[in-house]
1. Taking into account only those residues within the range 136-152 that are more than 13 Å from ARG46 (Cβ to Cβ) and at pLDDT 95 or above, which is most open to solvent (accessible area, probe 1.4 Å)?
2. Which of (1) in contact with a strand residue (DSSP E or B) (Cβ under 8 Å, 6 or more places away or on another chain); (2) open to solvent by less than 40 Å² (accessible area, probe 1.4 Å); (3) within 16 Å of GLY168 (Cβ to Cβ) does LYS100 not meet, given it meets every other one?
3. State all residues of the range 34-64 that are over 18 Å from the mean Cα position of the chain (by Cα) and farther than 19 Å from ASP132 by Cβ; if no residue qualifies, say none.
4. Would you pick out the residues in the range 79-135 that are at pLDDT below 85, under 21 Å from ILE68 (Cβ atoms) and not aliphatic (A, V, I, L, M)?
5. With the structure loaded, tell me whether GLY104 is under 14 Å from the mean Cα position of the chain (by Cα) and over 25 Å from GLN61 (Cα atoms) or whether it fails that test.
6. So, in the range 65-86, exactly how many residues are buried (at least 18 other Cβ atoms within 10 Å of the Cβ) and either more than 15 Å from ASN129 (Cβ to Cβ) or free of Cβ contacts under 8 Å to residues at least 12 places away in the same chain (or both)?
7. Filter the range 42-64 down to the residues that are hydroxyl-bearing (Ser, Thr, Tyr) and open to solvent by less than 60 Å² (accessible area, probe 1.4 Å) and list them by number.
8. Within the range 155-199, can you find the residues that are acidic (Asp, Glu) and either open to solvent by 30 Å² or more (accessible area, probe 1.4 Å) or in contact with an Asp or Glu (Cβ under 7 Å, 6 or more places away or on another chain) (or both)?
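The values are calculated or read from the model by the stated rules, or taken from the named source; none is laboratory data. Just so you know, these numbers come straight off a predicted model, no measurement behind them. Glycine gets a Cβ as well: all are built from the backbone with ideal geometry, and neighbour counts include every protein chain shown. In case anyone asks, the SASA skips ligands and DNA or RNA and just uses the protein heavy atoms, side chains included. Shrake-Rupley method; radii C 1.70, N 1.55, O 1.52, S 1.80 Å.
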Amino acid sequence: MEVYTFEQILEYIDLAVNAVLDNDKLINLIERRNYMSGKELLSAFRNDLSNYSPEQLTHIQEKGVWSIGQMYDHIILVAHEYLDNAEACTSLSEEQPLGKTRIGEQLIKHGGFPPVKIRLPDEMNAPPNNTDSNEVLAKRIDEVIERLEQWEVIIDSVNPNYKVEHGGFGWLNAMEWVELVEMHSRHHLRQQKELERYI
């Protein structure tokens, strides 16, 4: 498999978004925001855990393919990372005049990642943990859901000009970081269905 730089990956995402948006027949390939909230989506992932045996959860079909448990670990870790950045926005005291990159603007505008597989360079692509049980993963998802519930209460009170930079999407405010939790989790629905075919 060829490994691309982070900049090449962002360029590929940009091209994929434009290709989909330019074709009316393909417009439905990008799931629209508000189909499910981040909390509802993570609750659905949590409920799905009961469908997998411990062996199915950790099954790796072939080298370079994650197990379902690894996918869950990744979704949870990224959600916490995004919520940490949202939290960092609340501790700022200076407004940030800079905005999102072109790709970041498209991502927020269209409410989701394009329907393409993304592989980061190896140094950014360490395999996720594959040892957590169904119960541990459920507890970890509950912790993310609890954080999202806390954000529902305070999100509107955070200055939208307090921003933290994302390496590819530019300067995002707290609300945008929280929205990314749902977008990123939803992006992995296709992967979940694909991995389920292996077990």
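1. At the first step, the residues of the range 136-152 found to be more than 13 Å from ARG46 (Cβ to Cβ) are 147, 149-152.
Within this subset, residues satisfying the condition of being at pLDDT 95 or above are 147, 149-151.
Numbers: ARG147: 43, GLU149: 83, GLN150: 99, TRP151: 15 Å².
Of everything passing the filter in the range 136-152, GLN150 is most open to solvent (accessible area, probe 1.4 Å).
2. Tallying (1) in contact with a strand residue (DSSP E or B) (Cβ under 8 Å, 6 or more places away or on another chain); (2) open to solvent by less than 40 Å² (accessible area, probe 1.4 Å); (3) within 16 Å of GLY168 (Cβ to Cβ), LYS100 fails exactly one: (2).
3. Step one: of the range 34-64, the residues over 18 Å from the mean Cα position of the chain (by Cα) are 47, 49-64.
Matches in the range 34-64: GLU62, LYS63, GLY64.
4. Of everything in the range 79-135, those that are at pLDDT below 85, under 21 Å from ILE68 (Cβ atoms) and not aliphatic (A, V, I, L, M) turn out to be PHE113, PRO115, LYS117, ARG119, ASN125, PRO127.
5. Values: under 14 Å from the mean Cα position of the chain (by Cα): yes; over 25 Å from GLN61 (Cα atoms): yes.
Judged against the criteria, GLY104 is a match.
6. 4
7. Of all residues in the range 42-64, those hydroxyl-bearing (Ser, Thr, Tyr) come to 43, 50, 52-53, 58.
If the condition is that a residue be hydroxyl-bearing (Ser, Thr, Tyr) and open to solvent by less than 60 Å² (accessible area, probe 1.4 Å), then SER43, TYR52, SER53, THR58 are the ones that fit.
8. Once the filter is applied, which keeps residues that are acidic (Asp, Glu) and either open to solvent by 30 Å² or more (accessible area, probe 1.4 Å) or in contact with an Asp or Glu (Cβ under 7 Å, 6 or more places away or on another chain) (or both), the range 155-199 yields ASP156, GLU165, GLU179, GLU194, GLU196.
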